[in-house]
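Here is the structure we will look at, set down as structure tokens.
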Amino acid sequence: MADIAPVSSAALVRRAREIFGVDVVEVEGATRDAVTRVAVVGGVGDHVEQMALAEGMGAQAYLTGELHVRIEGEYGRSKLAAVRHFAATTGMTLLGVSHAASEHLVIETQLARWFAENFDVTVQPLREPHWWR
């Protein structure tokens with residue numbers, strides 16, 4: 001959970017594009033004039049129970065790698081339906097920035113330093129040119 005200076009949902013989407021280096025951001029849920037608390041879940045965040053928990057903790061936005069799992073079949077369809085149902089009832093803005101892009105930011109900002117400090121190696125993370133594929 002992160003507290004931020006007030007920003008609109010639209011501005012948060014623009015900032016997410018910049019931070020994660022993506023052209024596409026999945027957006028569902030409510031549009032807000034002022035978001036001041038963001039829940040962050042890397043990777044796949046299509047777990048409605050986590051979304052509800054975040055909202056209960058005061059989150060006004062939920063930022064994750066994927067709002068919608070990319071798995072074919074009944075499992076994927078049921079997850080998509082659950083997220084869409086939650087999105088229709090929540091007061092949060094839900095944002096998905098790509099599974100890989102959400103995890104890559106952690107590699108760049110945290111793991112590269114950890115490897116350098118613990119193994120005396122230099123890590124040069126490579127950005128994917130097409131996060132949504």
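General remarks:
- Annotation: residue 46 fulfils all but one of (1) of a type outside the set (A, V, I, L, M, F, W, C); (2) at pLDDT 95 or above; (3) under 29 Å from residue 128 (Cα atoms); (4) assigned to a loop (DSSP other than H, G, I, E, B); the unmet one is (2).
- Of all residues making up segment 56-101, the number that are in contact with a helix residue (DSSP H, G or I) (Cβ under 7 Å, 6 or more places away or on another chain), in a helix (DSSP H, G or I) and modelled with pLDDT under 95: 1
- For residue 74, the test of being surrounded by fewer than 24 Cβ atoms within 10 Å (Cβ to Cβ) and in contact with a Ser or Thr (Cβ under 8 Å, 6 or more places away or on another chain) is failed.
- Condition check for residue 90: of a type outside the set (A, V, I, L, M, F, W, C), touching a strand residue (DSSP E or B) at 6+ places or on another chain (Cβ under 7 Å) and under 29 Å from residue 129 (Cβ atoms): no
Table: residues versus (1) out of contact with any Cys (no Cβ under 7 Å at 6 or more places or on another chain); (2) more than 18 Å from residue 16 (Cβ to Cβ); (3) free of Cβ contacts under 8 Å to residues at least 24 places away in the same chain.
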| residue | (1), (2), (3) |
| --- | --- |
| 96 | yes, no, no |
| 102 | yes, no, no |
| 108 | yes, no, yes |
| 113 | yes, yes, yes |
| 116 | yes, yes, yes |
| 120 | yes, yes, yes |
| 128 | yes, no, no |
| 132 | yes, no, no |
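The values are calculated or read from the model by the stated rules, or taken from the named source; none is laboratory data. Being a predicted model, the structure only gives us computed values, none of them experimental. Ideal geometry is used to build each Cβ from the backbone, glycine not excepted, and the neighbour counts take in all protein chains shown.
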